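The values are calculated or read from the model by the stated rules, or taken from the named source; none is laboratory data. The model shown is predicted, which means the values in this text are computed figures rather than measured ones. As a convention, Cβ positions derive from the backbone with ideal geometry for all residues, glycine included, and neighbour counts pool all protein chains shown.
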Amino acid sequence: MPIVLVRHGATLWSESGRHTGRTDLPLTELGIEQAQALAPLLKGFSPGPVLSSPLLRARKTAELAGFGDRITLDPDLLEWNYGDYEGLTTAEIRKNRPGWDLFTDGAPGGESPAQAFDRANRIAERLRRAPSDALVFAHGHILRLLVAAWLGLPPERARHFALKTATLTLLGSEHEWPALLAMNSLSGPAH
């Protein structure tokens, strides 16, 4: 039973490395093309639940990939709330806060790692209880936390899972153990 995670297509801020939490940016032309390219990869995949972040970039990716009429919006899939760091790059943040790491330090005025990871754990639990395959459209950092939660890892380990825009990450099991089956894939899930 694969769980297919899809990071949204490119936005102006994702292309420039800016932390994009709750700012509701549209997809760029590249992001639209990336999202449309997902449709043939997911053709024939018939998931049970199709979940999406309420933010436009995730919803539009789901729509262009052919699942817009099936999505259930889930606020737990919102991107990490970057608070005071919204719109900044990691390099800009580290000028004032050397050594800063989102997965251990969080964001002032936004979410702590524990708060964001609580949401990821709630999603993982719902997906474990899903009676069939599932498809999830969301954002880079919350999906990284979801991978860690699925695998039973602590939130700081999520920093090791880099997700490219408009790619597929597959979660499942191997001999009854939670497993990461594929990451940043441009191949469709097995049907």
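Data table
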{"read-out": "Answer residue from the stretch 155-179, given it is within 18 Å of Ser132 (Cα to Cα) and of a type outside the set (A, V, I, L, M, F, W, C) and is nearest to the chain's Cα centre (by Cα) among those", "value": "Thr169"}
{"read-out": "Single residue of Thr72, Thr61 found to be under 17 Å from the mean Cα position of the chain (by Cα), under 22 Å from Val136 (Cα atoms), surrounded by fewer than 19 Cβ atoms within 10 Å (Cβ to Cβ) and of a type in the set (Ser, Thr, Tyr)", "value": "Thr72"}
{"read-out": "Residue in the stretch 166-182 that is under 20 Å from Arg18 (Cβ atoms) and in contact (Cβ under 8 Å) with a residue 60 or more places away in the chain present", "value": "yes"}
{"read-out": "Candidate set from the stretch 2-53 (those that are within 15 Å of Thr167 (Cβ to Cβ) and small (Gly, Ala, Ser)); member that is surrounded by the fewest Cβ atoms within 10 Å (Cβ to Cβ)", "value": "Ala39"}
{"read-out": "Criterion (within 18 Å of Gly9 (Cα to Cα), outside any loop (DSSP other than H, G, I, E, B) and modelled with pLDDT of 95 or more) met by exactly one of Leu135, Leu145, Leu163", "value": "Leu135"}
{"read-out": "Search result, residues across the stretch 66-94 that are within 26 Å of Lys43 (Cα to Cα) and in a loop (DSSP other than H, G, I, E, B)", "value": "Gly66, Phe67, Gly68, Asp69, Arg70, Ile71, Asp74, Leu78"}
